[in-house]
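Read the structure below first, then the notes.
The values are calculated or read from the model by the stated rules, or taken from the named source; none is laboratory data. Note that this is a predicted model, so its numbers are computed, not measured. Every residue, glycine among them, receives a Cβ derived from its backbone with ideal geometry; neighbour counts consider all protein chains shown.
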Amino acid sequence: MFTGLVTDIGTVRAAAHHDGLTRFEVVSAYAPETLSMGASIMHSGVCLTLVDFGPEGEGSWFAVEAVPETLSKTILGSWQAGARVNLEQSLRLGDELGGHLVFGHVDGVGEIVSIEDEGQSRRITIRPPGAIARYFAAKGSVTVDGVSLTVAAALDNGDFQVAIIPHTWEVTTLGDLKPGAMVNLEVDMLARYVARMIGADAPGGLQNG
């Protein structure tokens, strides 16, 4: 379980494919003593299990593995050495929940349609896959590349917008985005439960009765 509050930007130093797995080695500022084998770390919205780690300079390096399903359903398949990655370690009992409950399970890959300056902030328009477009509502929550954000507007064509303050722009990889870039999206779990309760996610969707 995560909050969507990025605690470090890691850098992929190696990506190796072997026997159906892709092993990523990531360099981060996390102290080695905060890491443990089998721990969960969210990588730009994707929860992955730590399988190796060690000290690296003033921080650490660690390795995680991804199966083909994960690579095909997220942006991880495009990662190469040098890629910058939003990182968050899993919640511990007693930690402050400053964002919203994030599971690290990507629901779809969205496309950046536009990025517009609004004074010191930015407004980003994102086009989600059609299958999940109904889950985005103004003032609701969304996770974009592992970052907890509030939906500023849900547009009639299915796109949605988020407003990014300067701090978030600077301390996450959102500042690297350009129109046409692809991002991992996780919808708010509350939206899923509401859709299920009203029948929108039932076989055949909503029915007139």
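Key figures
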read-out	value
Answer from ALA83, ALA63 - the residue that is outside the structural domain of PRO129 (by TED's automatic domain parsing), surrounded by 15 or more Cβ atoms within 10 Å (Cβ to Cβ) and under 23 Å from ASP176 (Cα atoms)	ALA83
Criterion (within 17 Å of ARG23 (Cβ to Cβ), within 18 Å of the chain's Cα centre (by Cα) and buried (at least 20 other Cβ atoms within 10 Å of the Cβ)) met by exactly one of VAL46, VAL102, VAL144	VAL46
Residue match in the range 22-41 (condition: crowded, with 18+ Cβ neighbours inside 10 Å, modelled with pLDDT of 95 or more and closer than 23 Å to MET189 by Cβ)	yes
Selection from the range 129-149 of residues that are touching a helix residue (DSSP H, G or I) at 6+ places or on another chain (Cβ under 9 Å) and either under 10 Å from GLY45 (Cβ atoms) or among the charged types (D, E, K, R) (or both)	ARG134, VAL144, ASP145, GLY146, VAL147
Candidates ALA137, ALA152, ALA83, filtered to the one that is at negative phi and at pLDDT below 95	ALA137
Evaluation of GLY45 against (1) more than 13 Å from VAL85 (Cα to Cα); (2) among the small types (Gly, Ala, Ser); (3) in contact (Cβ under 8 Å) with a residue 60 or more places away in the chain (one fails), failing number	(1)
Sole exception among (1) touching a residue at least 24 places away in the same chain (Cβ under 8 Å); (2) farther than 22 Å from ILE164 by Cβ for VAL106, by number	(2)
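Conditions (1) within 17 Å of the chain's Cα centre (by Cα); (2) assigned to a strand (DSSP E or B), marked per residue:
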{"site": "ALA15", "(1), (2)": "no, yes"}
{"site": "MET37", "(1), (2)": "no, no"}
{"site": "ILE41", "(1), (2)": "yes, yes"}
{"site": "ASP52", "(1), (2)": "no, yes"}
